[in-house]
Amino acid sequence: MQKIASLALLLAGAIHLIPLLGVLGAAPLASLYGTTPSDPNTLILLRHRAVLFGIVGGICLGAAFKPAYQWLGLTVGVVSVLSFLLLAWSTGGFNTHLQRVVVADGLALVCLVAGAVARARSERAAARI
């Protein structure tokens with residue numbers, strides 16, 4: 001069961017590392033999101049967002065290999081994808097590039113929830129012994 005949590009964290013970590021490419025500037029951001037930042041302020045914010053996704057991805061990947069940190073990784077991953085999905089759902093009108101992000105985050109959410117369930121069952125089984 002712990003392997004399921006690790007696999008979920010690996011997938012979520014990989015998904016979160018993809019936007020890290022945005023730190024390289026406007027062209028990668030346009031490729032990722034189908035929109036070009038219109039001013040330096042937006043570019044700075046989106047590049048910083050890319051760094052934050054790198055941090056989330058790193059936490060998830062690290063937790064995949066350190067069972068003591070799996071709950072941290074699962075929680076951080078779920079908060080990240082769920083917040084984006086809620087923002088996308090409540091705002092609507094996003095382009096096809098962001099639709100891909102919605103699909104990827106939906107997949108990540110399913111995996112992370114499955115990982116959390118597997119981790120919880122593993123802990124319960126270990127407590128019974």
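The values are calculated or read from the model by the stated rules, or taken from the named source; none is laboratory data. From a predicted model like this one, the values you see are computed outputs, not experimental measurements. Methodologically, a virtual Cβ is constructed for each residue, glycine included, from the backbone with ideal geometry; neighbour enumeration extends over all protein chains shown.
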| In segment 35-56, the residues that are surrounded by 16 or more Cβ atoms within 10 Å (Cβ to Cβ), modelled with pLDDT of 95 or more and not charged (D, E, K, R) | LEU43, LEU46, ALA50, PHE53, GLY54, VAL56
| request: Return yes or no: is SER6 closer than 22 Å to VAL110 by Cβ and exposed (fewer than 14 other Cβ atoms within 10 Å of the Cβ)? | output: no
| note | THR36 fails exactly one of (1) hydroxyl-bearing (Ser, Thr, Tyr); (2) assigned to a helix (DSSP H, G or I); (3) in contact with a helix residue (DSSP H, G or I) (Cβ under 6 Å, 6 or more places away or on another chain), namely (2)
| task | For SER6, indicate whether it is at pLDDT 95 or above, within 16 Å of the chain's Cα centre (by Cα), among the small types (Gly, Ala, Ser) and farther than 24 Å from ALA126 by Cβ. | result | no
| said: Residues that are over 14 Å from the mean Cα position of the chain (by Cα), of a type outside the set (A, V, I, L, M, F, W, C) and either modelled with pLDDT under 95 or within 19 Å of ALA116 (Cβ to Cβ) (or both): does segment 79-89 have at least one? | reply: no
| In segment 79-105, what residues are free of Cβ contacts under 8 Å to residues at least 24 places away in the same chain, surrounded by 13 or more Cβ atoms within 10 Å (Cβ to Cβ) and part of a helix (DSSP H, G or I)? | PHE84, ALA88, ARG100, VAL102
